[in-house]
Every structure is written in structure tokens, then in C-alpha cells.
Amino acid sequence: MSERVSFGSRMGAVFAAAGSAVGLGNVWRFPYETGNHGGAAFILVYLGCVFIFGLPIMIAEFTIGRRSKACTGGAYSMLAPGTPWRWVGYLGVLTGFLILGYYSVVSGWTLEYIWQALTGGFSGKTSGDYVAMFQDFSQHPFRPLVWLLAILLITHFVVVKGVKDGIEKSSKIMMPLLFVLVILLAVCSVSLPGAEKGLEFLLKPDFSKLTPDVFLGAMGQAFFSLSLGMGCLSTYASYFGSKTNLGKTAMGVGLIDTFVAVLSGLIIFPAAFSVGIQPDAGPSLIFITLPNVFQQAFAGIPVLAYVCSVAFYVLLALAAITSTISLHEVSTAFLHEKFHFTRSRAAVLVTSGCMLVGIVSSLALGEWSAFKICGMNIFDALDFLTAKIMLPVGGMFAAVFVGWYLDKKIVRGEVTNYGLLKAPYYPIYVCILRFVAPIGILLIFVNELGLLG
Ligand code: TRP
């Protein structure tokens, strides 16, 4: 067991985990959820969810991964041999595989939009043209598939390179680049004339908007954005060294993830308000509204419109790729460790399988849109099944497993590095895992299924 690969440095571990967490969830989903739920009040509840529920569950997943030194699919069998807990691990692998299938489709769109931005495809269009452009593209039978393949191949290549030379190195390059881009774009957006209204929307909470729906929506967003609920971060934690401080790492990842989400809001809302576009367009916000916003906001300075559009979609693609890598790694490590395939053989199987899921999800938006499961096309059904059912179930099991099942000596030992660190938050942490998190997640779950009305 001692020859298990690990990240080369503690910073590398933080970058890789943050790379997983920061993704389309931050730059695409967070702004449209915020827009739909009325702005600042949603953000406050979201922050509460990240720090109260998200971080303890992240530490729990880190504990499972580092203690077992196994990928998610094997971790539960290792820590609770001969019990049905192993199914929680398998469920995580399946969840990750399915998420990767449709997440790669949207990630592929970011490459098309980089291409469009580079070739000047956004200039001289009317609002209607942006809608048509997005629909024509996303419903096209082949074009999105080419980009899907490209995303999966890039992901494949990095994963095959391995934990240290692939995942860690790529995160160390991509994450700082991503920070620079988010900060530059946010500064640009905030300095536009009329940006104050967007800032007010983001920063001045209107508490009358705080319905139970907002509360539960924010919690769901926190789990998705932090990559919790399927053992993605526990697989990464199995590559952590014995000196990594789990609490501090979770705090770092939580702060970075939140920082990028809030800055994405600072890019999108001031720019949208500045040109008089409503922020509640939903999932198409990034692909339809934003090209339009850049063109209008910098109408007098076409070079800036061009540069900002290119930079924004490059940012989105970088964020997406560090996340697809983490999702891919979960299944690849599982096949490698459980069935003893070489890493590259395992990765080929995962990439091919995801390509199939991706093709089906992509066609579901165009050619096959008439085919419905419970009133949803396959793409939406996959998103619903994974994000709204499988992740909450997985997150709840992780909390219960560490809070109730695992030996307390291990639970305390992992957060204190077996006596080397003080972890004054320990009693609160355990209380959250035992009571607050399972009950909270149960509430999201019930709400998402519509049982609370
Ligand atoms: N957190 C990533 C994002 O915000 C997506 C992601 C990566 C994810 N791994 C995950 C979501 C595991 C849920 C579970 O885009």
C-alpha cells in the first residue's frame, strides 16, 4: 500500500481539489440560480450552506479517501469490509460516470464558443441571432459531438498521464490562469457605466425573497459546486500525503470555490444590468445573454468585446476541464484498482463509455428531443437523476458513515493527523455529520422531489 501514488505537494493537493470543485457549477449554474432566486439573499444562504454543511462533508469525504487509500469504489469496502456500505462506493462511481457523460456535452459547448469568439462570430448580431445561434448549434446532430470528443480526449490525456504529472500539474497551470481571467473580467465588468445596479443586486439582500425554495436550492447548489456526494474528493484525498491538513484543505477549497462563484456573479450581473438585460434567463444565460452583453457593453471598443469574449469562454473551458478530469479519475481509478486494468486501458473504457452517454445526451437536445422519460428529455433526465437524487443520497451516506459508523479514533485521527494537529472544531464537525447534515440533505431531497410542494 505504501507505493500508492500521491500528490507531490500540499499545494498541489489543494489546487487539484479546487480544480474539481471550480467548474461549470460556478461560472454557469451559480449565476443563473442567483439570477432566478433574486440575488444577494440567495448568495447569503448559499454561503451558509457551503460553510455549515459543505465543509464538514468535504472533510468526511477526505477522511474516507485518505484513511482507505483507495478510490471511492473501493474505500467503503476497505473501511467496512463485508457490509453493504460498498454499494455507496459503487453508487458514487456510477454517479460520476453519468455526470461526466452530460457535463462533457456542456463543456464541449465552451470550445465551440471559444471558436466563435475567436473567429468573430459574435459581432454584428441582434439579440434574436444569439438565441438562434445557440439553438442551431446545441441541436445540431454532429457539431456538438465533435467538441464532446475533443473534451473527452483532453480529459483522457491528462488522466492517463497520472496523478502527479497529469492531474496535479494541469491544475497548477490552469487554476492560476483561471484566477487571473476571472479577476480581470470582473474588473472590466464592474467598471462599465451602469454597473451599480448589478452590484446592488448581488450585494444588497432582499430578505422578502427568502422562501424555503431559495434555502433548499442554495443547498443543492452548494453540493454540486463543491463536488460532494459521489466520492470525487474522496478519490483525490486517497492521493493526499499524511501531512495534509484535512480541515485546512477543505477550508481552502471552499474559499476558492466560493471566490470564483462570487466573481462569476461580478462578471455577469454588472455587465447584464449595464446593457439592460434581465439576469433570470436560466441555463442559457452564459451562452445566449453573455455574448450579447459583451458586444453591447463594449460597442464602442470592438477589440475589448473580442478579447473579453475569448477570455470568458477560455475561462469557462478551463474550469470545465479540471472538473471533467476529476470525474473521469473516479471511474478510471475504480477500474484500475478493482479489476487491475492498466490506467490507460481503464481510461480508454471510461472515455468510450462517456462518449456514448455524451452522444445520447447531446442528441437528446436535438434529433431525439421527442423521446421523454417522466416528461424530460434524456439530457434533463440524467441531470435530474444524478444531481438531484444520486448526489444528495451519496452525501448523506458519507456523513452518516463518518459520523456514526466509522471508529471515532479514526475520525479524530484523520483530522488531527493522529495527534500532530489541533482540531478545535472537532465536536462541531461530528455533530454536523451526525445530525445537521443528514437532516438537511433529507430536506433538500424531499424538496427536490416536489414532496414539500
Ligand atoms: N463541482 C464541479 C462544478 O462546479 C462539477 C463536479 C466535478 C461535480 N466533480 C463533481 C459535481 C462531483 C458533483 C459531484 O462544475
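The values are calculated or read from the model by the stated rules, or taken from the named source; none is laboratory data. A quick note: this is a predicted structure, and the numbers were derived from the prediction, not measured. Every residue, glycine among them, receives a Cβ derived from its backbone with ideal geometry; neighbour counts consider all protein chains shown. Side chains included, ligands, DNA and RNA excluded: accessible areas come from the protein's heavy atoms. Shrake-Rupley method; radii C 1.70, N 1.55, O 1.52, S 1.80 Å.
Determine, yes or no, whether ALA18 is within 14 Å of the ligand (Cβ to nearest atom) and small (Gly, Ala, Ser). Can you show your working first?
Values: within 14 Å of the ligand (Cβ to nearest atom): yes; small (Gly, Ala, Ser): yes.
Yes; evaluated as a whole, the condition is true for this residue.
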Give the residues of the range 293-307 that are in contact (Cβ under 8 Å) with a residue 60 or more places away in the chain and closer than 19 Å to PRO279 by Cα, sorted by residue number. PHE294, GLN295, ALA297
Which residue pairs have Cβ atoms closer than 6 Å, lie 6 or more positions apart in sequence or on different chains, and pair a first residue in the range 14-28 that is assigned to a helix (DSSP H, G or I) and polar (S, T, N, Q) with a second residue that is near the ligand (Cβ under 6 Å from one of its atoms) and open to solvent by 10 Å² or more (accessible area, probe 1.4 Å)? SER20/SER227
What number goes with the only condition from (1) in a helix (DSSP H, G or I); (2) in contact with a Phe, Trp or Tyr (Cβ under 8 Å, 6 or more places away or on another chain); (3) open to solvent by 30 Å² or more (accessible area, probe 1.4 Å) that SER123 does not pass? (1)
Hey, can you tell me all the residues within the range 28-44 that are more than 17 Å from LEU316 (Cβ to Cβ) and surrounded by fewer than 22 Cβ atoms within 10 Å (Cβ to Cβ)? ASN36, GLY38, ALA40, ALA41, LEU44
In the range 165-204, which residue that is of a type in the set (D, E, K, R), at pLDDT 90 or above and out of contact with any Phe, Trp or Tyr (no Cβ under 7 Å at 6 or more places or on another chain) is most open to solvent (accessible area, probe 1.4 Å)? LYS204
Mind checking which pairs have a first residue in the range 80-102 that is in a loop (DSSP other than H, G, I, E, B) and a second that is away from the ligand (no atom under 16 Å from the Cβ) and open to solvent by 50 Å² or more (accessible area, probe 1.4 Å), Cβ under 7 Å, 6 or more apart or different chains? ALA80/TYR405
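Do the conditions hold for VAL360, that is, is it under 24 Å from VAL105 (Cβ atoms) and β-branched (Val, Ile, Thr)?
yes
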For the range 216-231, indicate whether the set of residues that are more than 14 Å from GLY265 (Cα to Cα), away from the ligand (no atom under 16 Å from the Cβ) and under 21 Å from the mean Cα position of the chain (by Cα) is non-empty. yes
If we scan the range 127-146, do we find a residue that is closer than 26 Å to GLY19 by Cβ and open to solvent by 80 Å² or more (accessible area, probe 1.4 Å)? yes
